Amino acid sequence: MKKMTKSFAASVLAMSFALAFPAHADAGKTAVVQEAPLRAHLAFLSSDLLEGRGTGQRGGDLTVAYLESQALALGLKPGNGDSFRQSVQIAGVKTQPAESTLKLEAGGKALDIAFGKDWVFAPGDATASHSFNAELVFAGYGITAPDEKWNDFKGVDVKGKIIVVMVNDPQPTAEQPSRFNGKGLTYYGRWSYKFEEAQRQGAAGVLLIHTTPTASYGWSVIQNSWAGVERFQLAAGTLGTPLQGWITDDTARALFTASGQDLDALRAAAEKADFKPVPLAAKLNGEMKAAVRKVEQFNVSAVVPGTDPKLKDEVVIYSAHWDHLGKQGDSGDTIFNGAVDNASGSAALLAMAEQARRFPAKRSQMFLWVAAEEQGLLGSAAYASSPLWPLAKTAANLNLDSLNFAGATRDIGAQGSERTELGKLAEAAAKGMGMQVAEAKPDLAGGYFRSDHFSFAKNGVPAFSITSGRDYLKDAEAAKAKMAAYGKRYHQASDEYDPSWDLGGIVQMAQYTLNLGRLIANGAKLPEWKAGDAFAVPRN
């Protein structure tokens, strides 16, 4: 935890406001992202004064106020009528295992399992108390995918039941090497999809079977996100099933064995399209208790109006999430500053917006700082469900999350752009900066579905996140080591700003994103998805 004095904070604010109003005009120049304001914003947003920008915490409120004041100082237009804020209604949910009597029963006996160690659960509908006496059904991968001619629910009504499903999606075979995107993960494989589909099927709940290979992370990640911590979900719109949770692979094996089933045999059966759900001789019984509170968070939206009389009604949206993990724990360093994740992206948007205001494009440009990304893309999901600009007139969403603090590169990450006409524009923007787009790799962990751009993509807007390149211009080995070392600081209190950082890579990513956005904003037509893509929908 690095302290920021009040005098330093005041200096940062003063620098930011001074840079927003330069002493001379920039007539005849082009939009060039400046490092000085970006560094100032990064230092302040990741300082202890903002307490880790936690959802539902004081630091989050201070962050919104800062972004709002900076947008006003830059001369940007409010994105929501006369306000820069868009309300996001969120429910905070914290399971109370000591007050819960929930148990898994099979073969006439309750399994000897402990919350946190063997399984986790929470309400998916922001309700403090639920009683269960529900049968369990193994539903394979829990997928309904007409485009893949796949239905894991055929022939069995799971309404009011608890479905037990695997994470990830059906694996490629010699006969069908490209099914479900081959080795790459589709959205059908994400845990969030499983919860959504369970709700659509009318299930009372869903338990995901965890393995490290299928989830791409260990059980400790589940424990840290579910056990003893407050989780957040949207409090409005379509809510989830009464119960959502995970069980370890060992717990699943014990459950299936006690139910007279062979888990490995059922897993193998679930790899085939003719699989049908298998009722288990097991039940979920008891009461689940949780502490529930409602909190209001805010997306911050600012606009640079377009210059073309017709095209100004369409918009390019640049986004970054402002939240991190806030304050946690009672001793030691309790502030999770989130300098890289994602003060870097939030600061970049402010520096980009300054230049966009000076050099507007034909289409309008929106700078959108979204809330509660760390809680499951909640702010961007809320925006997509109640957009401030019609999605049919939204040309694209370009998202920034965790920027390159290790140094400038010869390449840039644009994975996901190839799904749309943005791919060619992404290459053109890179070429214009003497760079190239890094080669796309199989998306084994489903990275495309884990950032805020996905909330736009699943609603038909061409969208992707710009990510760091890996071909460093200077001292490549040291830069790679620096990026590798960040893995240990990710989502830790040690993700702090270092004044010695070379921000060349962050500035480069911000400049690239702004350049790409301007190509889109000045283009002859709105970009489209490639024919047959899972998220391609006709524009209204």
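Report whether or not residue 536 is assigned by TED's automatic domain parsing to the domain that holds residue 414 and either in contact (Cβ under 8 Å) with a residue 40 or more places away in the chain or within 26 Å of residue 343 (Cβ to Cβ) (or both). Before the answer, list the steps.
Numbers: assigned by TED's automatic domain parsing to the domain that holds residue 414: no; either in contact (Cβ under 8 Å) with a residue 40 or more places away in the chain or within 26 Å of residue 343 (Cβ to Cβ) (or both): yes.
When the stated conditions are applied, residue 536 does not pass them.
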Of the residues in the range 228-241, those that are surrounded by 16 or more Cβ atoms within 10 Å (Cβ to Cβ) and either of a type outside the set (A, V, I, L, M, F, W, C) or part of a loop (DSSP other than H, G, I, E, B) (or both) come to 230, 231, 233, 235, 239, 240, 241
A careful count of residues in the range 158-171 that are of a type in the set (D, E, K, R) and buried (at least 22 other Cβ atoms within 10 Å of the Cβ) gives 2
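Give me the residue from the range 294-317 that is of a type in the set (Val, Ile, Thr) and either part of a strand (DSSP E or B) or in contact with a Gly (Cβ under 7 Å, 6 or more places away or on another chain) (or both) and, out of that set, farthest from residue 453 (Cα to Cα). Full working, then the answer.
Residues of the range 294-317 that are of a type in the set (Val, Ile, Thr), as a first pass: 295, 300, 303-304, 307, 315-317.
In the following step, the residues that additionally are either part of a strand (DSSP E or B) or in contact with a Gly (Cβ under 7 Å, 6 or more places away or on another chain) (or both) were identified as 295, 300, 303-304, 315-317.
Details: 295: 24, 300: 16, 303: 18, 304: 20, 315: 15, 316: 12, 317: 10 Å.
Only one residue tops the list, namely 295.
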Exception for residue 428 within (1) in contact with a helix residue (DSSP H, G or I) (Cβ under 7 Å, 6 or more places away or on another chain); (2) assigned to a loop (DSSP other than H, G, I, E, B) falls at (2)
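Sort through 198, 174, 145 and tell me the only one that's out of contact with any Pro (no Cβ under 7 Å at 6 or more places or on another chain), in the same structural domain as residue 258 (by TED's automatic domain parsing), surrounded by fewer than 16 Cβ atoms within 10 Å (Cβ to Cβ) and among the aliphatic types (A, V, I, L, M). Let's see the steps before the verdict.
On the way: 198 fails: surrounded by fewer than 16 Cβ atoms within 10 Å (Cβ to Cβ); 145 fails: surrounded by fewer than 16 Cβ atoms within 10 Å (Cβ to Cβ).
Every option except 174 fails the conditions.
One line per residue, one yes/no per condition, for (1) more than 24 Å from the chain's Cα centre (by Cα); (2) exposed (fewer than 14 other Cβ atoms within 10 Å of the Cβ); (3) free of Cβ contacts under 8 Å to residues at least 24 places away in the same chain; (4) in a helix (DSSP H, G or I):
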{"position": "247", "(1), (2), (3), (4)": "no, no, no, no"}
{"position": "250", "(1), (2), (3), (4)": "yes, yes, no, yes"}
{"position": "256", "(1), (2), (3), (4)": "yes, no, no, yes"}
{"position": "276", "(1), (2), (3), (4)": "yes, no, no, no"}
{"position": "292", "(1), (2), (3), (4)": "no, no, no, no"}
{"position": "319", "(1), (2), (3), (4)": "no, no, no, no"}
{"position": "330", "(1), (2), (3), (4)": "yes, yes, yes, no"}
Determine whether the range 124-144 contains at least one residue that is in a loop (DSSP other than H, G, I, E, B), of a type in the set (A, V, I, L, M), touching a His at 6+ places or on another chain (Cβ under 9 Å) and closer than 18 Å to residue 446 by Cβ.
no
Can you find a residue in the range 92-100 that is touching a residue at least 40 places away in the same chain (Cβ under 8 Å), buried (at least 22 other Cβ atoms within 10 Å of the Cβ) and in a loop (DSSP other than H, G, I, E, B)? no
Of the residues in the range 129-142, those that are surrounded by fewer than 24 Cβ atoms within 10 Å (Cβ to Cβ) and under 12 Å from residue 163 (Cα atoms) come to 134, 135, 137
Practice item. Could you tell me whether the range 20-35 includes any residue that is surrounded by 18 or more Cβ atoms within 10 Å (Cβ to Cβ), at pLDDT below 95 and either within 23 Å of residue 230 (Cα to Cα) or more than 29 Å from the chain's Cα centre (by Cα) (or both)? Key: yes
Residue 381 passes all but one of the listed conditions (1) of a type outside the set (S, T, N, Q); (2) under 19 Å from the mean Cα position of the chain (by Cα); (3) assigned to a loop (DSSP other than H, G, I, E, B); the exception is number (3)
- Task: Could you tell me whether any residue of the range 409-426 is surrounded by 24 or more Cβ atoms within 10 Å (Cβ to Cβ), more than 18 Å from residue 520 (Cα to Cα) and among the hydrophobic types (A, V, I, L, M, F, W, C)?
- Result: no
Note on the range 342-378: residues more than 15 Å from residue 71 (Cβ to Cβ) and part of a helix (DSSP H, G or I) are 342, 343, 344, 345, 373, 374, 375, 378
The condition of being of a type in the set (Lys, Arg) and at pLDDT 95 or above holds, among 518, 470, 489, 450, only for 518
For the range 386-405, the count of residues that are crowded, with 19+ Cβ neighbours inside 10 Å and either at pLDDT below 95 or among the charged types (D, E, K, R) (or both) equals 1
Within the range 196-252, the residues that are over 30 Å from residue 156 (Cα atoms) and of a type in the set (Asp, Glu) are 230
For the range 483-522, the count of residues that are within 20 Å of the chain's Cα centre (by Cα) and crowded, with 21+ Cβ neighbours inside 10 Å equals 5
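Take the range 127-148 and flag every residue that is of a type in the set (Val, Ile, Thr) and either under 28 Å from the mean Cα position of the chain (by Cα) or modelled with pLDDT under 95 (or both).
So in the range 127-148, the residues of a type in the set (Val, Ile, Thr) come out as 127, 137, 143-144.
If the condition is that a residue be of a type in the set (Val, Ile, Thr) and either under 28 Å from the mean Cα position of the chain (by Cα) or modelled with pLDDT under 95 (or both), then 127, 143, 144 are the ones that fit.
Closer than 13 Å to residue 256 by Cα and touching a strand residue (DSSP E or B) at 6+ places or on another chain (Cβ under 9 Å): is that true of residue 124 in this structure? If you could, list the steps in order and put the result at the bottom.
Details: closer than 13 Å to residue 256 by Cα: no; touching a strand residue (DSSP E or B) at 6+ places or on another chain (Cβ under 9 Å): yes.
Criteria not met by residue 124.
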Residue 84: passes all of (1) surrounded by 19 or more Cβ atoms within 10 Å (Cβ to Cβ); (2) in the same structural domain as residue 323 (by TED's automatic domain parsing); (3) within 23 Å of the chain's Cα centre (by Cα) but (2)
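Say we look at the range 451-473 and pick out the residues that are among the polar types (S, T, N, Q) and crowded, with 21+ Cβ neighbours inside 10 Å; which of these is nearest to residue 391 (Cα to Cα)? Step through it out loud before you land on a result.
Kept after step one, since they are among the polar types (S, T, N, Q), are these residues of the range 451-473: 451, 455, 459, 465, 467-468.
Filter once more, so that each one left must be crowded, with 21+ Cβ neighbours inside 10 Å: 451, 455, 465, 467-468.
On the way: 451: 18, 455: 11, 465: 18, 467: 24, 468: 27 Å.
Here the residue is 455.
The values are calculated or read from the model by the stated rules, or taken from the named source; none is laboratory data. Since we're looking at a predicted model, the values are computed, not measured. Using ideal geometry, Cβ is built from the backbone for each residue, glycine included, and neighbour counts are taken over all protein chains shown.
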